[in-house]
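Here is the structure we will look at.
The values are calculated or read from the model by the stated rules, or taken from the named source; none is laboratory data. Note that the coordinates shown come from a computational prediction; the quantities given were computed from them, not determined experimentally. Counting neighbours? That spans all protein chains shown, and the Cβs are built from the backbone with ideal geometry, glycine included. The accessibility values were calculated without ligands, DNA or RNA, using every heavy atom of the protein model including side chains. Shrake-Rupley method; radii C 1.70, N 1.55, O 1.52, S 1.80 Å.
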Amino acid sequence: MRDTLRMPHNLSEGAAPGLRNGLLGWAVIAVVIVLLRGLRWDENYEFAQVMNGQIPYPADHPLYQYTRSFFSLQPWSLTAVMTFAPGPFFANFLRNTFMLWATVLPAYAMTFGIARRPVFAHAAVLLTLAGIHTQFFSNYPVQIWPDIYSNGHIGQGWALMTLACWLLRCPRTGWLLFGFMPAVHLGQFPPLAICGAFLLAWLFLRGRYRELGTALRCLAPGIMVAVLLWLLVHVSAPPSPSTGAWMADVDPVAVLQGYLTHFASHRSLPSWSGHIPLVLLVTVICVLGRSSRARIPLYTYVGALAVLAWGIALTHAALGGGTPEILLRWMPYRILNHAAPILIALAFGILARVPAAGHRLAGLLLLSLLLRPVAARILPDDFYARYLGGGEAWLFLLAGAALASAAAARREPVAWLAPLILVMVLLASGHQFGAAALAAGAVIYCGLTKLPTSARLRRLPAAMAVMLLLLLAFQQWTVRRHLPRSDFDAVVSAHFAAHDARDAMLLVPYQQEAMQACTGQPVMTDMATLTWIPYQPELGPGLWRMYRDLYGVDVAPGLAPPMPPHAWHEVWPSKTPDEWHALSKRYGFSHVAAPGFMALPLDPMLTAGGMTLYRVPQMDPAS
């Protein structure tokens, strides 16, 4: 066990085909499913439209300022791709595919790295696609399928794939991915950074200088790319506006503090459910002890997750609004979402040590997921929604079985009894169903170990896996939406194209999504606009002023006289034509896209899909 890091670059001849074929198979399956479900708009497509000038924005607009100062390889690489393929299909196809790869490939690779048996790795991917972990989000959504917000999910997948390479005894590939991680997603990097730094120090202290040198050489390309990206961002970043609509005489730090206090839901203290996978993962490791073949990288990574997430959470709980902003700006609680995929991989790795019982349990879990649509039809709606609909029951069953298997391999009950009692007490205090399902998983596993060996039962997981995969693919087909646009989006796009007014700025509803991509027009704001403040605090004053003026939303109360307590959809109809004209002149928008239930004192131009496009008098370049 102490030679975990003394790994050859390649897997053994017997294991390599299972890894290679599995990863290739799931990569192809992901492409097929992406096409089956239709392409979805990706946030980086909109960023790239701005960065390469497809959608014209003034240089002082927050979106232009943000994208040109965005330290991430993801939008910059897509911008380069769209220089040669500017249409929406290929760019969004790439992003959708990478996002689904970030779901399936780490799940397969991590599980194979621990279990060394393809059947358990396939089962881990299918349980992940079935969403057994999605209900355990902290305050940052757990994603599976391609959606508009892909950067964080791809960053998480990159980090877990790096860990998987270390578990697979492919250190060169692992260190190569590690080197690129800061440029891929800096906010998902801290736990991996701690793990990587520990492993480098471990190699140095053990005198393994050849392996250390190999690791540093493999790190070099990624570090060079990160440095070049930083230089590119530094050179291309526009100067911050010093006058005009996007400048407000308020302290950026005060705006940041106001945002963190009142609007930063992704940075608030996570609920108890968000901690459960990490609690279970730490418990499994405590029960498992020193028997894991991947002990050092895995334990170090999980330890980094626990120290960062729980250390910051304790500090945040103690200090409240006085928590240092540096602890919260990088959105630390999203790393709790790393725990569930690792837990699934480790659980199947433990079950693989007793292949007969492990095969039976894997088959049983897959079969029960296959029957879940039947259960949804015959069980009462409330019962199904509470106990089966979210999928968390399967994660508890799997974890309970893994705990039972790990405990059975330990000779000293005192070594595993205390962690089991502690986790049951914690679950019973906040998730009674979880405690019951955990115990049920242990009981079921113990029962399966008593069954006689059967060739038919060994074939059960493979049969159930194929059927469940077909079911999941069919379910994605039933929700197929290809680059979805509303009737309103299509009519607006055609109108401005006909009038050659692609630079006409739209004031859009508060927290809309993808309207720029759908219409081809520049928009004032979108769902994510306010979230840019922690990443670029210098944008805060302008955004603070704009949201007060346009939506009646005060990002940082106390910096100016209080706003009337009205929602934005009450603010718009109350504005006079003169107020609309003044706002359009200040911020540069010429049209307003409003829900149909609003009656604005402006000139309506077209109505479709429950939305109306208004023209602000004397500001319409298409008139």
Pick from the stretch 383-421, criterion of a type in the set (D, E, K, R) and modelled with pLDDT under 90, ranking: surrounded by the most Cβ atoms within 10 Å (Cβ to Cβ) = 410
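Quick one: which of 437, 376, 356, 401 is in contact (Cβ under 8 Å) with a residue 60 or more places away in the chain and either within 30 Å of residue 462 (Cβ to Cβ) or touching a strand residue (DSSP E or B) at 6+ places or on another chain (Cβ under 7 Å) (or both)? Spell out how you get there, then give the answer.
On the way: 437 fails: in contact (Cβ under 8 Å) with a residue 60 or more places away in the chain; 376 fails: in contact (Cβ under 8 Å) with a residue 60 or more places away in the chain; 401 fails: in contact (Cβ under 8 Å) with a residue 60 or more places away in the chain.
Only one candidate qualifies: 356.
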Checklist (1) open to solvent by 50 Å² or more (accessible area, probe 1.4 Å); (2) in contact with a helix residue (DSSP H, G or I) (Cβ under 7 Å, 6 or more places away or on another chain) applied to residue 59, failing item | (2)
The number of residues in the stretch 195-222 that are among the charged types (D, E, K, R) and part of a helix (DSSP H, G or I) is 3
Considering (1) open to solvent by 30 Å² or more (accessible area, probe 1.4 Å); (2) within 30 Å of residue 589 (Cα to Cα); (3) part of a helix (DSSP H, G or I), say which one residue 240 fails and leave the rest.
-> (3)
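Got a number for residues in the stretch 586-604 being farther than 13 Å from residue 506 by Cα and out of contact with any Pro (no Cβ under 9 Å at 6 or more places or on another chain)? Write out each step before concluding.
If we filter the stretch 586-604 for residues that are farther than 13 Å from residue 506 by Cα, which is where we start, we get 586, 595-604.
Now drop any that are not out of contact with any Pro (no Cβ under 9 Å at 6 or more places or on another chain), which leaves 586, 596-597, 604.
Matching residues across the stretch 586-604 total 4.
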Answer yes or no: is there a residue in the stretch 240-259 that is in contact (Cβ under 8 Å) with a residue 60 or more places away in the chain, touching a Ser or Thr at 6+ places or on another chain (Cβ under 9 Å), closer than 30 Å to residue 557 by Cα and of a type in the set (A, V, I, L, M).
-> yes
Consider residue 118 against the criteria (1) over 24 Å from residue 93 (Cα atoms); (2) in contact with a Ser or Thr (Cβ under 7 Å, 6 or more places away or on another chain); (3) open to solvent by 10 Å² or more (accessible area, probe 1.4 Å): it satisfies all of them except one. Which criterion is unmet?
-> (2)
Only one of (1) part of a helix (DSSP H, G or I); (2) within 21 Å of residue 47 (Cα to Cα) is not met by residue 146, so which one is it?
-> (1)
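Have a look at 226, 245 and point out the one that is open to solvent by less than 30 Å² (accessible area, probe 1.4 Å), under 30 Å from residue 59 (Cα atoms), among the hydrophobic types (A, V, I, L, M, F, W, C) and not in a helix (DSSP H, G or I).
Details: 226 fails: not in a helix (DSSP H, G or I).
Matching residue, one of 226, 245: 245.
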Could you list, in sequence order, the residues of the stretch 258-268 that are open to solvent by less than 60 Å² (accessible area, probe 1.4 Å), over 17 Å from the mean Cα position of the chain (by Cα) and not hydrophobic (A, V, I, L, M, F, W, C)?
-> 258, 259
The residue that is most open to solvent (accessible area, probe 1.4 Å), considering only those in the stretch 269-291 that are in a helix (DSSP H, G or I) and among the polar types (S, T, N, Q), is 273
Hits in the stretch 425-439 (condition: open to solvent by 40 Å² or more (accessible area, probe 1.4 Å) and over 17 Å from residue 271 (Cα atoms)) | 425, 436, 439
Restricting attention to the stretch 95-110, does a residue exist that is over 29 Å from residue 194 (Cα atoms), of a type in the set (A, V, I, L, M), touching a residue at least 12 places away in the same chain (Cβ under 8 Å) and out of contact with any Asp or Glu (no Cβ under 6 Å at 6 or more places or on another chain)?
-> no
Restrict the check to the stretch 156-175 and report whether at least one residue is open to solvent by 10 Å² or more (accessible area, probe 1.4 Å) and within 13 Å of the chain's Cα centre (by Cα).
-> yes
Any residue at all in the stretch 340-348 that is open to solvent by 10 Å² or more (accessible area, probe 1.4 Å), without any contact (Cβ under 8 Å) to a residue 60 or more places away in the chain and under 27 Å from residue 404 (Cβ atoms)?
-> no
